[in-house]
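Trainee: Quick one: the structure is below, questions incoming.
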Amino acid sequence: MYIPKHFEGSEAHGREIMKAHSWALLSTADESGAPLCTHLVLQWEDDGSPHGSLIGHMARANDHWKLFARGTPSLGLFWGPHAYVSPTWYTPGPKVPTWNYVTVHAYGRPQVIEATPAVLMVLTRLAAQYEGSGAEAWGLGRLPPGNAAEQTRNIVAFRMPVERIETKLKLSQNRELEDRQRVIAKLEASDSQDSQATAAWMKRVLPA
């Protein structure tokens with residue numbers, strides 16, 4: 001990913017974004033070199049390795065997972081908050097529109113998880129991430145006995161040890177402080193949650 005130095009985020013930022021915005025795009029090159037892409041949830045886990053791992057699953061009917069056996073490098077792409085920035089928000093001058101955003105690229109080689117108990121653990125973790133642990137939370141235990149294991153026949157779970165993480169925080173760091181503050185004010189005044197969240201990220205990278 002093209003990342004000018006002033007837009008470079010830390011790996012800690014990247015982990016935060018991946019955990020908060022786990023709806024991702026997984027891309028793997030096929031035999032011809034063309035990218036095969038699947039939209040899915042990728043959950044980042046701290047497994048004690050330098051960059052952690054991503055776990056997920058996809059439909060068994062999706063040929064994407066068959067590329068994993070070749071050890072083909074893959075890319076997990078995560079989007080954080082993003083928003084349009086109008087040049088009318090800046091101080092007067094010949095300025096142009098842009099887009100502010102935060103995003104993460106995580107690179108690795110996915111590995112298929114074969115054992116049914118391990119697949120069920122992946123599904124349990126993914127459900128718990130969104131359901132929580134309250135009395136009303138859904139879990140695999142709500143399915144009839146044996147049903148969860150039966151349904152794993154229709155999916156393929158995988159783990160991708162992360163080899164490298166790139167984080168880009170494009171948040172007007174290349175503009176004067178007054179322009180950055182004016183953009184923040186406009187985004188905070190917006191009804192869009194993405195715009196408000198982008199403003200919050202902009203505040204985090206303001207000079208001390």
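Trainee: Going through SER49, SER27, SER22, SER32 one at a time, which residue ends up being hydroxyl-bearing (Ser, Thr, Tyr), in contact with a Cys (Cβ under 7 Å, 6 or more places away or on another chain) and farther than 30 Å from PRO207 by Cβ?
Mentor: SER27
Trainee: Can you tell me which residue is surrounded by the most Cβ atoms within 10 Å (Cβ to Cβ) among those in the range 112-131 that are under 22 Å from LYS66 (Cβ atoms) and of a type outside the set (A, V, I, L, M, F, W, C)?
Mentor: Top of the filtered list is THR116.
Trainee: Hey, another quick one. Being on the phi > 0 side of the Ramachandran plot and modelled with pLDDT of 95 or more is true for just one of GLY80, GLY76, GLY52. Which residue is that? Working first, answer last.
Mentor: Working: GLY80 fails: on the phi > 0 side of the Ramachandran plot; GLY76 fails: on the phi > 0 side of the Ramachandran plot.
So the residue among GLY80, GLY76, GLY52 that is on the phi > 0 side of the Ramachandran plot and modelled with pLDDT of 95 or more is GLY52.
Trainee: Do you know which of the residues in the range 70-82 that are surrounded by 13 or more Cβ atoms within 10 Å (Cβ to Cβ) and among the small types (Gly, Ala, Ser) is nearest to GLU45 (Cα to Cα)?
Mentor: GLY76
Trainee: Give the residues of the range 136-151 that are more than 24 Å from ALA61 (Cβ to Cβ), surrounded by 10 or more Cβ atoms within 10 Å (Cβ to Cβ) and not hydrophobic (A, V, I, L, M, F, W, C), sorted by residue number.
Mentor: Once the filter is applied, which keeps residues that are more than 24 Å from ALA61 (Cβ to Cβ), surrounded by 10 or more Cβ atoms within 10 Å (Cβ to Cβ) and not hydrophobic (A, V, I, L, M, F, W, C), the range 136-151 yields GLY139, ARG142.
Trainee: Next question. With respect to the numbered conditions (1) without any contact (Cβ under 8 Å) to a residue 60 or more places away in the chain; (2) not in a strand (DSSP E or B), which one is the sole condition not fulfilled by GLY14?
Mentor: Here GLY14 meets the rest and fails (1).
Trainee: Taking the range 152-184, which residues are touching a Phe, Trp or Tyr at 6+ places or on another chain (Cβ under 8 Å), of a type in the set (A, V, I, L, M, F, W, C) and either surrounded by fewer than 21 Cβ atoms within 10 Å (Cβ to Cβ) or part of a loop (DSSP other than H, G, I, E, B) (or both)?
Mentor: LEU171
Trainee: Something else: Residues in the range 53-98 that are β-branched (Val, Ile, Thr), touching a Pro at 6+ places or on another chain (Cβ under 7 Å) and assigned to a loop (DSSP other than H, G, I, E, B): how many?
Mentor: Keep residues of the range 53-98 that are β-branched (Val, Ile, Thr), which gives 55, 72, 85, 88, 91, 96, 98.
With the extra rule that they be touching a Pro at 6+ places or on another chain (Cβ under 7 Å), the set shrinks to 85, 96.
When the remaining residues are screened for being assigned to a loop (DSSP other than H, G, I, E, B), the result is 96.
Number satisfying all stated conditions: 1.
Trainee: So in the range 26-46, with the set limited to residues that are modelled with pLDDT of 95 or more and of a type in the set (Asp, Glu), which one is surrounded by the most Cβ atoms within 10 Å (Cβ to Cβ)?
Mentor: My answer is GLU45.
Trainee: Looking at the range 83-95, which of the residues that are modelled with pLDDT of 95 or more and loosely packed, with under 14 Cβ neighbours inside 10 Å is nearest to PRO110 (Cα to Cα)?
Mentor: Going through the qualifying residues, I end up with SER86.
Trainee: Pick from SER49, SER22: which is of a type in the set (Ser, Thr, Tyr) and within 10 Å of the chain's Cα centre (by Cα)?
Mentor: Checking each option against the conditions leaves just SER22.
Trainee: Which residues, taken from the range 99-141, are among the hydroxyl-bearing types (Ser, Thr, Tyr) and touching a residue at least 40 places away in the same chain (Cβ under 8 Å)?
Mentor: TYR101, THR103, TYR107 - these are the residues of the range 99-141 that are among the hydroxyl-bearing types (Ser, Thr, Tyr) and touching a residue at least 40 places away in the same chain (Cβ under 8 Å).
The values are calculated or read from the model by the stated rules, or taken from the named source; none is laboratory data. Everything numeric in this text was worked out from a predicted model, so none of it was measured. With ideal geometry, Cβ positions are generated from the backbone for all residues, glycine too; neighbour counts draw on all protein chains shown.
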